[in-house]
1. Can you find, among V111, P87, L4, the residue sitting farthest towards the positive end of the charge dipole of the chain, where Lys and Arg contribute +1 and Asp and Glu -1 at Cβ?
2. Under 20 Å from a point placed 7 Å out from the Cα of S7 along the Cα-to-Cβ direction: which residues of region 87-111 have their backbone N that close?
3. Under a Cβ-only charge scheme (Lys and Arg +1, Asp and Glu -1), can you give me the dipole magnitude of region 1-64 about the Cα centre, in debye to the nearest 20?
4. Given Cα pairs under 8 Å that are at least 6 residues apart, what percent is the relative contact order of the chain?
5. Relative to the Cα centre, what is the charge dipole magnitude of the chain, using +1 at the beta carbon of each Lys and Arg, -1 at the beta carbon of each Asp and Glu, and rounding to the nearest 20 debye?
6. Just for the Cα atoms in region 12-64, what are the lengths along the principal axes, largest first, rounded to whole Å?
7. In terms of the Cα gyration tensor, with a ≥ b ≥ c the square roots of its eigenvalues, is region 46-107 rounded because a/c is under 1.5, prolate because a/b exceeds b/c, or oblate?
8. Name the aspartates and glutamates eligible as straight-distance cross-link partners of K75: C-alpha to C-alpha under 16 Å, and not fewer than 8 places from it in the same chain.
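The values are calculated or read from the model by the stated rules, or taken from the named source; none is laboratory data. Only a predicted model underlies this, so the values are computations on that prediction, with no experimental measurement involved. Heads up, the Cβs are rebuilt from the backbone with ideal geometry, glycines too, and the neighbour counts pull from every protein chain shown. Ligands, DNA and RNA are excluded from the accessible area calculation, which covers all protein heavy atoms including side chains. Shrake-Rupley method; radii C 1.70, N 1.55, O 1.52, S 1.80 Å.
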Amino acid sequence: QVQLVESGGGLVQPGGSLRLSCAASGFTFSNYAMSWYRQAPGKERELVARITTSGSTNYADSVKGRFTISRDNAKNTVYLQMNSLKPEDTAVYFCTVYRGGVRYWGQGTQVTVSS
């Protein structure tokens with residue numbers, strides 16, 4: 001079955017960096033686009049970044065120029081490098097894949113940006 005396991009979240013000061021990882025299993029990773037979403041308290045879940053099978057990327061306007069999504073098909077892993085973090089980036093970050101008409105989610109990893 002599809003499994004997505006995120007890691008790398010934590011507490012960081014404004015201006016700092018974090019790298020999130022998502023280890024995928026249960027499907028042919030290289031055949032699917034992968035995405036990162038986030039959900040802040042009291043807000044709806046929102047798309048942060050997406051990477052296609054060919055490596056094309058797109059980002060939410062709020063993170064353009066600060067976040068970078070990448071993938072390593074040999075390791076079945078997708079990454080989110082987050083730089084110049086702001087307090088408004090505080091959220092639970094989720095890895096997701098849309099496969100066979102179903103969107104699968106990981107359990108999420110908490111990112112808190114605070115001094």
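1. The Cα lying farthest towards the positive end belongs to L4.
2. 92-97, 105-111
3. With only Lys, Arg, Asp and Glu charged at Cβ, the dipole is about 60 debye.
4. This gives 36 percent for the chain.
5. On the way: 12 positive and 7 negative charges, 31 e Å.
Here the chain has a charge dipole of around 140 debye.
6. 36, 23, 22 Å, listed from the longest principal axis down.
7. Values: a/c = 1.83, a/b = 1.42, b/c = 1.29.
In terms of gyration-tensor shape, prolate.
8. The qualifying aspartates and glutamates are E6.
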